[in-house]
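Engineer: My questions all concern the structure below.
The values are calculated or read from the model by the stated rules, or taken from the named source; none is laboratory data. Given the structure is predicted, the values throughout are model-derived calculations rather than measurements. Note that we place each Cβ from the backbone using ideal geometry, even for glycine, and neighbour counts take in every protein chain shown. To get the accessible areas, we keep the full protein, side chains included, count just its heavy atoms, and leave off ligands, DNA and RNA. Shrake-Rupley method; radii C 1.70, N 1.55, O 1.52, S 1.80 Å.
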Amino acid sequence: MPSDQTHYKVGYFIGSLSSTSINRVLSRALFTLAPPELEFTEIPIGNLPLYSPDFDSDYPPEARTLKDAIKASDAVLFITPEYNRSIPGALKNAIDWASRPWGQNSFDHVPAAVIGASPGQIGTAVGQQSLRAVLSFCNARQMTAPEAYVHFRPGLFTDTGEVTDDSTAAFLRDFMQEFHDHVERVLTVLPRS
Ligand code: FNR
């Protein structure tokens with residue numbers, strides 16, 4: 001069951017399967033900077049088979065686990081790279097699983113936010129627009145502002161999640177505070193059952 005409404009359980013998705021993912025490094029920084037009322041649990045996506053409607057009558061255990069994890073979360077956070085100006089396939093596959101079977105969309109009314117890092121200057125901006133369009137169709141309650149496009153440079157983060165640049169740290173801390181406030185606001189009118 002979702003938690004009481006002073007603390008919030010956040011299920012987070014890392015859109016990369018890379019063992020050296022810069023987005024996973026970013027996630028560690030976000031958890032360090034987030035308000036203490038947010039508790040983070042990863043929702044893994046790497047073990048899911050490819051979605052097919054053939055599974056709708058009998059979901060495999062990995063997909064049930066995915067849907068159960070979202071159900072147990074008060075909110076979801078996507079920390080993802082941009083692949084070819086869009087969403088990494090593994091992440092899209094996970095979202096497709098969670099959105100089905102028809103009528104059992106796991107994202108319906110769930111508070112959500114999107115953030116990502118790239119070595120490129122525009123820091124996943126285009127990929128995030130793709131993801132936002134998908135989450136919009138899935139009826140997730142997205143935080144629309146602030147947006148966060150992180151230009152990843154070597155040395156910006158330590159492996160343990162410290163941010164070495166003060167202005168980046170302040171920006172990410174503000175992003176997570178805004179996410180907390182967004183979650184609180186959405187759940188006030190749309191409590192998770
Ligand atoms: C990329 N990369 C990339 N970067 C970007 O800014 N825009 C893009 O469209 C793409 N496209 C893309 C496609 C594919 C298949 C790969 C493997 C990579 C580069 C990407 O930002 C870089 O590899 C990041 O390190 C990926 O994030 P993770 O996996 O390290 O978290």
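Engineer: Conditions: (1) open to solvent by 30 Å² or more (accessible area, probe 1.4 Å); (2) within 14 Å of the ligand (Cβ to nearest atom); (3) outside any loop (DSSP other than H, G, I, E, B). LEU91 meets all but one. Number of the miss?
Structural biologist: Tallying (1) open to solvent by 30 Å² or more (accessible area, probe 1.4 Å); (2) within 14 Å of the ligand (Cβ to nearest atom); (3) outside any loop (DSSP other than H, G, I, E, B), LEU91 fails exactly one: (1).
Engineer: Okay, moving on. Assess whether GLU39 counts as being acidic (Asp, Glu), closer than 29 Å to THR164 by Cβ and away from the ligand (no atom under 16 Å from the Cβ). Give the derivation first.
Structural biologist: Numbers: acidic (Asp, Glu): yes; closer than 29 Å to THR164 by Cβ: yes; away from the ligand (no atom under 16 Å from the Cβ): yes.
It is true that GLU39 is acidic (Asp, Glu), closer than 29 Å to THR164 by Cβ and away from the ligand (no atom under 16 Å from the Cβ).
Engineer: Now, a different point. Could you please give the count of residues in the stretch 107-148 that are open to solvent by 20 Å² or more (accessible area, probe 1.4 Å), within 11 Å of the ligand (Cβ to nearest atom) and within 14 Å of the chain's Cα centre (by Cα)?
Structural biologist: Going through the stretch 107-148 one residue at a time, the tally reaches 1.
Engineer: Taking the stretch 37-82 on its own, how many of its residues are over 27 Å from ILE115 (Cβ atoms) and either in contact with a strand residue (DSSP E or B) (Cβ under 9 Å, 6 or more places away or on another chain) or buried (at least 17 other Cβ atoms within 10 Å of the Cβ) (or both)?
Structural biologist: 1
Engineer: Failed condition for ASP74, given (1) near the ligand (Cβ under 10 Å from one of its atoms); (2) of a type in the set (Asp, Glu); (3) under 13 Å from the mean Cα position of the chain (by Cα), with all others met?
Structural biologist: (1) is the only condition that ASP74 fails.
Engineer: Related question: Condition check: of a type outside the set (Asp, Glu) and open to solvent by 10 Å² or more (accessible area, probe 1.4 Å). Does THR158 satisfy that?
Structural biologist: So THR158 passes the test.
Engineer: Quick check, is THR168 β-branched (Val, Ile, Thr), surrounded by fewer than 19 Cβ atoms within 10 Å (Cβ to Cβ) and without any contact (Cβ under 8 Å) to a residue 40 or more places away in the chain?
Structural biologist: yes
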